[in-house]
2 protein chains.
Amino acid sequence: MEDHHGTKDIPGYDLGSPTIAKSPISLDELSDLKASTLFTDEDVVYLRLSYDVLKDQAEELVTMWRGIIALHPHLAEYSQDERTGEPDKEYGEKVGKRFEQWVLDTARAEYDQDWLNYQYEIGLRHHRAKKNKTDGAHTAAHIRGRDLIAFSAAIVSPMRPYLEKGGHSAEVVNRMQEAWWKSMILQVTLWSQPYMKDGDF
Amino acid sequence: MEDHHGTKDIPGYDLGSPTIAKSPISLDELSDLKASTLFTDEDVVYLRLSYDVLKDQAEELVTMWRGIIALHPHLAEYSQDERTGEPDKEYGEKVGKRFEQWVLDTARAEYDQDWLNYQYEIGLRHHRAKKNKTDGAHTAAHIRGRDLIAFSAAIVSPMRPYLEKGGHSAEVVNRMQEAWWKSMILQVTLWSQPYMKDGDF
C-alpha cells in the first residue's frame, strides 16, 4: 500500500489502498458534480491556503467537533458500544486519527481517482453496509442519512475561528471557508450514495 | 386552502395545503436534525434579518441560479421538455414562482409542521415519485440525488453580494450567510428522504 503523506500508521486509513472498491462514479461525473457545487480551481487554491492554517490544528478541530457530538444524545450514540452504552474509546481513537487526516486531505484538495474511491469507502463506513467493520467495533450499526448530511453544517460552520488563526484578511478567511463549504457538500454528496435507492443517485 | 402570505396565485405552491402528505418525520425529529446542523434561534434571527434584505431580490436571485443551471447541460436537462429538447417555458415559469417564494419562506424561518410537510413535498417533486406531476410537465423524470444535494452549495455560495445590499456590516452579512448555509443543508437533508432506502434516512 502506497503511503499517502506519512499516513501508514493510521489504522484503517485506506486512501490509495488497493483493498477498497473503485468509486461507482467516474472522474467525469465528479467533474459534473463539482460544477453542481460551483467548485472551481480557485476553491482548490483557497483550500490549499487553509492547509497551512489548519495543519497543526486538526486535532483541536476534531476535539471541537466531538464536543458537539457528545452534547447531543442522538449523535453521541453513534460511537457508543451498544453492549455497554459507553463510548467505545478504542473505536473513537481510530476514527479520530482518520478524522484528523480527513481535515488535511480536504485541505490538500488532491481530488483524484484515489480520493474519489476513498469517498465511496467513507460513505460505506457510515452506512450499515460497513459501519464498525473496519475497526471490529460494536457501536451503532448505522449513521442515519439525515445526520450524515446535516452534520456537514456542524463541521464547517464552527471552523471560522480556526481559519482566522492564519492571520489572513477577513476576505481571505471568507473565501477559505466558502471553499470548505463547497468541498464539504461535494463530499457529503458522495458519501450519500450507499444510502440511495438504485438509480436515484 | 389557507393563503400563506398572499401566495394563493402561485400555481402548485402548497405550503399549508391539506392536499399534501404529512412529513414522515416529527417536529421532535426536526429538532434533533436542527441540532445536527447547529441551527439555533440565533440563526432564525439572522434569517429574518435577511428577509428584509432579500424580499425584493427574490426574482433576481432565481434568475441568477437559473443562469448557473443553464450553463451546465447536466443541470439544464432537468427543465427541458424531453419531447423537444427545449426548455419547457410554462414549467419554468411555474417552478420559478415557487422558487422565489422559497427564498421568502426560508428567510421567514417559520419552520413549523406546515413547513415540515412541504419540505417532504419538495423532495418528492425533485424525485421520480412526483417530478412533473404538479405541473403536468414532460421534463426529465428525476433529478439525480447527487445534484439535489450538491446544488445547495450553488444556492448559498453566490448569495453574498445580494445579502450585502442591505447595508449591514461584513460581520452581520457573514452571520446571515451562515444561517442560510445551515438552513439550506437542513432543507436539502429533508428533501433527500424520498431518495433513501427504507430505514436508511
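Taken along the Cα-to-beta-carbon direction at a fixed 7 Å, the label points for A:Ala170 and B:Glu164 span 1.2 nm.
Here A:Thr63 and A:Ala129 are evaluated by their C-beta separation; at R0 = 35 Å the FRET efficiency comes out at 0.80.
Principal axis extents of the Cα atoms in region A:1-155, from largest to smallest and rounded to whole angstrom, are 47, 32, 32. Taken over the protein assembly as shown, the convex hull of the Cα atoms encloses 136 Å³ per residue.
State the number of lysine pairs found in region A:1-130 whose Cα atoms come within less than 17 Å, restricting to pairs 8 or more positions apart or on distinct chains. So the count works out to 6. Per-residue ellipticity at 222 nm, computed for the protein assembly as shown from helices alone with -39500 (n - 2.57) per DSSP H run of at least four residues, works out to -18000 deg cm²/dmol.
With its label point defined 7 Å out from Cα along the Cα-to-Cβ axis, B:Ala76 lies at 5.2 nm from the matching points of the other copies, in increasing order. Spin-label model, B:Glu77/A:Glu42: points 7 Å from Cα along the beta carbon direction are separated by 2.8 nm.
Could you pull the copy-to-copy label distances for A:Leu27, with points set 7 Å along Cα to Cβ, in nm to one decimal and sorted shortest first? Spacings between copies for this position, smallest first, are 5.2 nm. Structural descriptor for chain A: relative contact order 31 percent, calculated from alpha carbon pairs under 8 angstrom and at least 6 residues apart. Here is the list for region A:49-92: trypsin sites (Lys or Arg not before Pro) lying in DSSP coil, each with at most 13 other C-beta atoms within 10 angstrom of its C-beta, are A:Lys55, A:Arg83. With label points set 7 Å from Cα along Cα→Cβ, the inter-copy distances at A:Arg160 are 1.3 nm, sorted shortest first.
Cross-link partners of B:Lys165 among aspartates and glutamates, defined as those whose alpha carbon lies under 16 angstrom from its own and excluding same-chain residues fewer than eight positions apart: B:Asp52, B:Asp56, B:Glu59, B:Glu60.
Among B:Ala170, B:Leu186, B:Asn132, whose Cα projects farthest towards the positive end of the dipole of region B:96-196, with charges put on the beta-carbon of Lys, Arg (+1) and Asp, Glu (-1)? Working it through, the farthest residue towards the positive pole turns out to be B:Asn132.
Since every read-out is calculated from the coordinates, none of them should be taken as a lab result. Just so it is clear, the model here is predicted, and its values are computed rather than measured. Cβ coordinates were reconstructed from backbone atoms using ideal geometry, including for glycine residues, and neighbour counts include every protein chain displayed.
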